[in-house]
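The values are calculated or read from the model by the stated rules, or taken from the named source; none is laboratory data. Predicted model only: the values in this text are computed from it and were never measured. Backbone-built Cβ (ideal geometry, glycine too); neighbour counts: all protein chains shown. Areas reflect the complete protein model, heavy atoms only, side chains present, ligands, DNA and RNA absent. Shrake-Rupley method; radii C 1.70, N 1.55, O 1.52, S 1.80 Å.
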Amino acid sequence: MWGRIADFVSRYRLSLLIIMGVVFIYAAFQASKVELSYEYTRATPTDNAKYQTYLRFQKKFGDDGNLLVIGVETDRLFNKDVFNDYLELNRALKKVRGVDLVVSVPDAVILNKNTITEKLDAKPIFPGPFSSQADLDSAKKTFENLLLYRRLLYNPDTHAYLMAISVNKQIMNSSARTAVVNNILKLGDTFGKSHQLQMHYSGLPLIRTYMATKVATEMKWFLLGSVLLSALILFIFFRSFSNMILSLLVVIIGVVFSLATMHFFGYRITLLNALIPPLIVVIGIPNCIYFLNKYHTSFRETGDKRKALHEMISKMGVVTLFCNIAAAIGFGVFALTKSAILKEFGVVAGINIMLLFVISIILIPAVLSYLPDPKAGHMKYLTNRWLTTLLDWLETWALHYKKPIFIITLIILAVSVMGMTRLRSEAFILDDLPKTDTVYADLKFFEKNFKGVMPLEILIDTKKKNGIRANMLGNFTKIDQLSSYIDSSPVMAHPLSIVEAMKFVRQAYYNNDSLNYGLPNDAIDLSFLAPYLTLRTDSSGKPNAVMKLANSFLDSNKQILRISVNMADVGTIRLPVILGDLQRRADQLFDTARYQVDFTGTTVTFLEGSAFIISGLKQSIIWAFILIAACMLYLFRSIRILICSLLPNVIPLVITAGVMGWVGVPLKPSTVLVFSIALGIAIDITIRFLVNYKQDSNPESSTENTVIRTIHSTGISIVYTSLVLIAGFIIFCFSGFGGPQALGWLTSLTLVMATLTNLIFLPALLIAISPKKKGVPNVKL
């Protein structure tokens, strides 16, 4: 079969090159259209109950992830010149295209009771700009007397002030978001610099924009870095510009095809699938090395380029096919998960790894057929003295030190298993950012001064229309008790709900006396307040302050009440505990027969998404093992060889998991990803070794001699390929995100271990479990 494929490629080489060129041009055009993803990570399946609750929340109350916050810590804010500029910053932010609402100290209003109209007239506290410090001081005193704003817009203990900016949802999900966020940051920085103040920024709009922009930048640099590093290694190996350029051409076409595939399926570039283009380079280069290595070996033996090309395809075609199948399985199994972001990664990676094989088997022999015969210098690497010494050393260990190899392996495995017992699963929303990053540092600023900015939403459903009004005072009292419980937490800010609006109204009714900031004491107190609680518009036709709050925290049927909470990024270990405590307290306050209390929001969906990703990745590893084992069994038709193929790849994974446990690297989406990817790539080394072992086997040769020949025939290409793979993944260690960093060093570690187990443990294992052939001498070659 592979001989016929070799003849086909040789006969129709020009036509195949023309077809590939046309397809490449079309793919490049499609690749140019691929866009960045501006949505939050879509990890949770759409049929998940908690995700459905979040969708219902969005439908009733809008999106909770469009709030960007600006913070500043200073005791000079109410200095006249500083505050006037702060007023101007507030007004300038409202004029930014895409900004729907700004809430800050300059926007604070005081409600004054109008006994004639029985309305609450809202009056700005800071109409500014202020011409005298005395006027500003008076306004400040009024502001600080209104308890609604305390710890919502400012922290009196630390003199920290917060400015909340709501960004339009449509703009947030488009490329225009970058300009909006940059304009907001520019205005904030201008204010900060003019008064020597450190400005702090956070909120999901900023985090999502920052992530998307950094992903795009890193993808370009990693792609360039992987190409340049591969080019350098290839030139050092082959000492040939033509071979180097040919190999780079293979992977560049693969990269373009991968981006075109994203656009074809309607996918966008996310933090995860942005890894695919540089991974294509890293995975594609070994194809080139193995093909070129076989071509050079055959040409050195025959001196005939045509025979060498035929031998290259017929011998290496099946090996490379199954190597790419194994790698495609390692990536493609992610498509079996329910997580959309993992599915996209699995589909695109799996398809394009197989396309790499098609590109390699057509382009490499076709182009080589037009190039001059390889020179002696191009094949000098085949007799590298250092590598020959290394292979002789591996041969000695495989023949004479099998028992020490097995004992050392068992000891390392035992230590690794002990480390695995220390593994824990934990993830944070800003997990992938280093602790020194400004965005991370600013998030900690808001957690310190305002207990965080991550949104948590609580929905209280009375299960009937107008259920809130049926027992208004009782409902509000229970909500206030739940709010007090939440406020007592060190990681959750004081909740905002219609209850706070009622307290604000009551304080206004009693002439803004701060001692009266609270719920009505009884039905009589409520009856006095009732006229001022009516949801109506003011004389200009605009909703009054109470109506605005009611529309934000009550649904149109007055059945569901919303409580909004900002909280710290506590991680996936603490968050379920916190939500469990909240659920128990809510069940104590609200009769489950009459009420349904749901916790939702971006924070909850992140927790659910992380759990699904980790669960999906664990399942994908199991599927990868099963499918790769099936491929190995089909390829070798031997249970003994199947065991020999899997053990050298299980051991590196166990060692990597053990190292993670000992050094304290948690299991999270970015680290669990390593195991399936590393398995799919590392198995390539095993396949190449065992296929050559099978091809070299014959009844007249002992197992020892066959293993020795295999070490010397494949060892050089395995070492070179491993160096390329390890170097390619090490590039990711320079990422600004924790996920790619973990992928870089953990995968590199796994590949180092896989190279050692396949060149030391596997030969010893083959010799140890192979039946002895009678009458066949064990002669060292």
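Brief remarks follow.
- The listed residue being hydroxyl-bearing (Ser, Thr, Tyr) and modelled with pLDDT of 85 or more, out of Tyr290, Tyr295: Tyr295
- Screening Asn84 with (1) surrounded by 14 or more Cβ atoms within 10 Å (Cβ to Cβ); (2) part of a loop (DSSP other than H, G, I, E, B) gives one miss only, at (2).
- Total residues in segment 580-591 satisfying the condition of being of a type in the set (A, V, I, L, M) and assigned to a loop (DSSP other than H, G, I, E, B): the figure is 0.
- When the residues of segment 19-46 are filtered to those that are farther than 16 Å from Ser174 by Cβ and outside any helix (DSSP H, G or I), the one that is modelled with the lowest pLDDT is Thr41.
- Some residue of segment 350-366 being polar (S, T, N, Q), open to solvent by less than 20 Å² (accessible area, probe 1.4 Å) and closer than 15 Å to Ser717 by Cβ: yes
- Just one residue in the set Lys444, Lys448, Lys464, Lys478 is part of a loop (DSSP other than H, G, I, E, B) and open to solvent by 40 Å² or more (accessible area, probe 1.4 Å); that residue is Lys464.
- Residues of segment 411-423 classified as within 12 Å of Val654 (Cα to Cα), open to solvent by 80 Å² or more (accessible area, probe 1.4 Å) and not aliphatic (A, V, I, L, M), total: 1
- Once segment 548-577 is narrowed to residues that are of a type in the set (Val, Ile, Thr) and touching a Ser or Thr at 6+ places or on another chain (Cβ under 7 Å), the residue that is farthest from Ala122 (Cα to Cα) is Thr572.
- Some residue of segment 229-249 being farther than 30 Å from Ile716 by Cα, open to solvent by 60 Å² or more (accessible area, probe 1.4 Å) and of a type in the set (Lys, Arg): no
- Check on Thr388, out of contact with any strand residue (DSSP E or B) (no Cβ under 9 Å at 6 or more places or on another chain) and polar (S, T, N, Q): yes
- All positions within segment 327-353 that are assigned to a helix (DSSP H, G or I) and not hydrophobic (A, V, I, L, M, F, W, C): Gly330, Gly332, Lys343, Glu344, Gly346, Gly350, Asn352
- Qualifying residue in segment 568-580 (condition: at pLDDT 90 or above, among the β-branched types (Val, Ile, Thr), more than 30 Å from Ile116 (Cβ to Cβ) and open to solvent by 20 Å² or more (accessible area, probe 1.4 Å)): yes
- Set Ser670, Ser701, Ser697: member being at pLDDT below 80 and crowded, with 20+ Cβ neighbours inside 10 Å: Ser670
- Among the numbered conditions (1) more than 27 Å from the chain's Cα centre (by Cα); (2) surrounded by 20 or more Cβ atoms within 10 Å (Cβ to Cβ), the only one that Ile408 does not meet is (2).
- Scanning segment 1-19 for residues that are over 11 Å from Gly317 (Cβ atoms) and hydrophobic (A, V, I, L, M, F, W, C) turns up Phe8, Leu14, Leu16, Leu17, Ile18, Ile19.
- Residues of segment 592-611 that are outside any helix (DSSP H, G or I), buried (at least 19 other Cβ atoms within 10 Å of the Cβ) and among the polar types (S, T, N, Q): Thr600 alone.
- When residues of segment 186-210 are limited to those that are among the polar types (S, T, N, Q) and surrounded by fewer than 19 Cβ atoms within 10 Å (Cβ to Cβ), the one nearest to Ile171 (Cα to Cα): Thr190
- Of all residues in segment 704-727, those satisfying the criterion of being open to solvent by 10 Å² or more (accessible area, probe 1.4 Å) and among the small types (Gly, Ala, Ser) are Ser713, Ala727.
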